[in-house]
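Enquirer: Can you read through this structure? Questions will come right after.
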Amino acid sequence: MADEPAAGSSRQSSGKRERAVLVKRVLKEPLVHFLLLALLIFAGYGLLGADAEDAPDSIVITVPKIEQIATVFTKTWQRPPTAEELKGLIDDQVKEEILVRQALELKLDKDDTVIRRRLRQKIEFLNAADAEALTATDAELDAFLKANPAVFEIDPMLSFQQIVLDGQRHGEAIEQNAAAILEVLLSQPAADPASLGDASLLPPELPLTSKTSIGKTFGADFAEELDKIPVGRWAGPVKSAFGLHLIRVTERVPGHVPALNEIRDAVAREWTNAKRKELEDQRFAVLLKRYVVRIESPTGAGAGP
């Protein structure tokens, strides 16, 4: 019986050691580490998250922004704003920021045509700014000019006399009457053109005028026919919406492409425009690769771009 207390004490000591070993073993388990870490994160998020939800959003009107507001006012009204006016402008800026944030929170910007168009313009402005920062060498401009002569070609110019025959007055005989007048003009060089043909609001003689302008007044076909008539000889008839015309071209200045030094600014401007377009196309091609575009037909069948 004297050994029983000693045996009980030994069993208790052994039990404590087993529990200690078990606790150590459990604490070494990775799963336990993960659970403890998750509990710490959850507790921290609960504390910080609650504070964040209760805390108001901050709006900072920076000094550069205030300077910009004052500069815009000064340019508009040709004087700096008073202190009261500047405070009002800043208050309005704060109001705008709050309302914009509220609108974005309510997703009012979604599917808004005006906003979408404005965002597109901003991206295009970025491309334009990058292109305008480029500077072309004379060799690049000269190569661009030679590759695009039609863009810079100066229009041919013509001056001419005309005799007009009104279609309504001559009817089906207009061609025959025009031929008769032309015969008179060719056989009698001294004949007064003003005494032939019909009265018209059209001028009997036009000074040097670009071929394009002539085409706008009389029609493109008329301008083309006019450009084929030799200088100094009555010819025709040439048809226009006004009737038939007997024409004597008095002067012709051929069209031509000027040298680079004559139109350098214009070539540089078009070169920049071309670079902007090229840059836009390159960047859009990169962006397009990030998307799978599916365009539905009215019947619901999909089709690629």
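Enquirer: Starting from the Cα gyration tensor of the range 104-166, take the square roots of the eigenvalues, sort them a ≥ b ≥ c, and report rounded, prolate or oblate (rounded when a/c is under 1.5, otherwise prolate if a/b is larger than b/c, else oblate).
Expert: Values: a/c = 6.78, a/b = 1.69, b/c = 4.01.
Note, shape of the range 104-166 comes out oblate.
Enquirer: For the range 143-154, take each phi angle, set θ = phi - 60°, evaluate the Karplus expression 6.51 cos²θ - 1.76 cosθ + 1.60, and give the result in whole Hz per residue in order, putting x for glycine and proline.
Expert: So the Karplus estimates, Gly and Pro as x, are 5, 5, 4, 5, 7, 9, x, 5, 5, 10, 5, 7 Hz.
Enquirer: Here is a further query. Name the residues whose placed amide hydrogens come within less than 5 Å of the amide hydrogen of T209, ignoring near sequence neighbours (fewer than 5 apart) on the same chain.
Expert: It is L158, S159, by chain and number.
Enquirer: Pop out the carbon and sulfur fraction of the accessible area of the range 76-214 as a percent, whole number, probe 1.4 Å.
Expert: Numbers: 5630 of 10000 Å².
Looking at the range 76-214 in its full context, I get 56 percent from C and S.
Enquirer: According to a simple spin-label model (label point 7 Å from Cα along Cα-to-Cβ), what is the distance in nm between E262 and A70?
Expert: With each label placed 7 Å out from Cα toward Cβ, I get 5.3 nm.
Enquirer: Less than 11 Å Cβ to Cβ from H256, Lys/Arg counted +1 and Asp/Glu -1: what total charge do the surrounding residues give?
Expert: Charge balance near H256 sits at -3.
Enquirer: Around D111, with a cut-off of 15 angstrom between Cβ atoms, what is the net charge of the other residues, counting Lys and Arg +1 and Asp and Glu -1? Before the final figure, lay out each step's value.
Expert: Numbers: positive: K107, K110, R116, R117, R118, R120; negative: D109, D112.
Net local charge, D111 excluded: +4.
Enquirer: Once label points are set 7 Å from the Cα along Cα→Cβ at both A150 and T217, what is their separation, rounded to one decimal in nm?
Expert: The modelled label-to-label distance comes out at 2.6 nm.
Enquirer: Going by accessible area, probe 1.4 Å, with all protein chains left in place, what is the ranking of S159, S297, S58, largest first? Don't skip to the end; give the middle numbers.
Expert: Working: S159 10, S297 40, S58 85 Å².
Descending order: S58, S297, S159.
Enquirer: Taking just the alpha carbons, could you work out the radius of gyration and Dmax for the range 157-208, both in angstroms?
Expert: Spelled out, the Cα radius of gyration and Dmax of the range 157-208 are 11.8, 33 Å.
Enquirer: Next question, about the same structure. Decide, for the range 91-221, between rounded, prolate and oblate: order the square roots of the alpha carbon gyration tensor eigenvalues as a ≥ b ≥ c, take rounded if a/c falls under 1.5, and otherwise choose prolate if a/b is larger than b/c, else oblate. Let's see the in-between values first.
Expert: Working: a/c = 4.85, a/b = 2.40, b/c = 2.02.
Taking the square roots of the gyration eigenvalues as a ≥ b ≥ c, the range 91-221 is prolate.
Enquirer: Once you place label points 7 Å from the Cα toward the Cβ at S187 and R120, how far apart are they in nm?
Expert: Each label point is offset 7 Å from its Cα along the Cβ direction, giving 6.7 nm.
Enquirer: Calculate one ³J(HN,Hα) per residue across the range 185-197 by plugging θ = phi - 60° into the Karplus curve 6.51 cos²θ - 1.76 cosθ + 1.60, and present them in order as whole Hz with x for glycine and proline.
Expert: Values, residue by residue: 4, 7, 8, 10, x, 7, 4, 7, x, 5, 8, 10, x Hz.
Enquirer: Relative contact order of the range 209-250: what whole-number percent is it, with Cα pairs under 8 angstrom and at least 6 residues apart? Numbers along the way, then the final one.
Expert: Numbers: 53 pairs, mean separation 13.7, N = 42.
Computed over the range 209-250, the figure is 33 percent.
Enquirer: May I pose another question? Decide, for the range 240-305, between rounded, prolate and oblate: order the square roots of the alpha carbon gyration tensor eigenvalues as a ≥ b ≥ c, take rounded if a/c falls under 1.5, and otherwise choose prolate if a/b is larger than b/c, else oblate.
Expert: On the way: a/c = 7.57, a/b = 1.69, b/c = 4.48.
Oblate, since a/c reaches 1.5 and b/c is not below a/b.
Enquirer: Using the Karplus equation 6.51 cos²θ - 1.76 cosθ + 1.60 (θ = phi - 60°), what ³J(HN,Hα) coupling, rounded to whole Hz, does each residue of the range 160-174 give in order, writing x for Gly and Pro?
Expert: So the Karplus estimates, Gly and Pro as x, are 7, 9, 8, 10, 9, 10, 7, x, 5, 6, 9, x, 5, 8, 4 Hz.
Enquirer: Still on this structure, please answer the following. Per 0.36 nm of contour for each residue apart, how much would the distance between E140 and E175 grow if the chain were fully extended, relative to their Cα-Cα spacing?
Expert: On the way: separation 35, 0.36 × 35 = 12.60 nm, distance 5.40 nm.
Length difference between fully extended and current span is 7.2 nm.
Enquirer: Further, regarding this structure: How charged is the neighbourhood of L246? Take every other residue with its Cβ under 14 Å from the Cβ of L246, and add Lys/Arg as +1 and Asp/Glu as -1. Don't skip to the end; give the middle numbers.
Expert: Numbers: positive: R233, K239, R248; negative: D166, E175, E183, D192, D198, E205, E225.
Here the count lands on -4.
Enquirer: On a straight-distance basis, which lysines could pair with K87 in a cross-link, Cα separation under 17 angstrom, same-chain partners fewer than 8 positions away excluded?
Expert: Leaving aside lysines fewer than 8 places away in the same chain, those within reach of K87 are K65, K95.
The values are calculated or read from the model by the stated rules, or taken from the named source; none is laboratory data. These numbers were taken from a predicted model, which means no experiment stands behind them. When we count neighbours, we look across all protein chains shown, and the Cβ atoms used for this are built from the backbone with ideal geometry, even at glycine. Ligands, DNA and RNA are stripped out before the accessible areas are found, and what is left, the full protein with its side chains, is counted by its heavy atoms. Shrake-Rupley method; radii C 1.70, N 1.55, O 1.52, S 1.80 Å.
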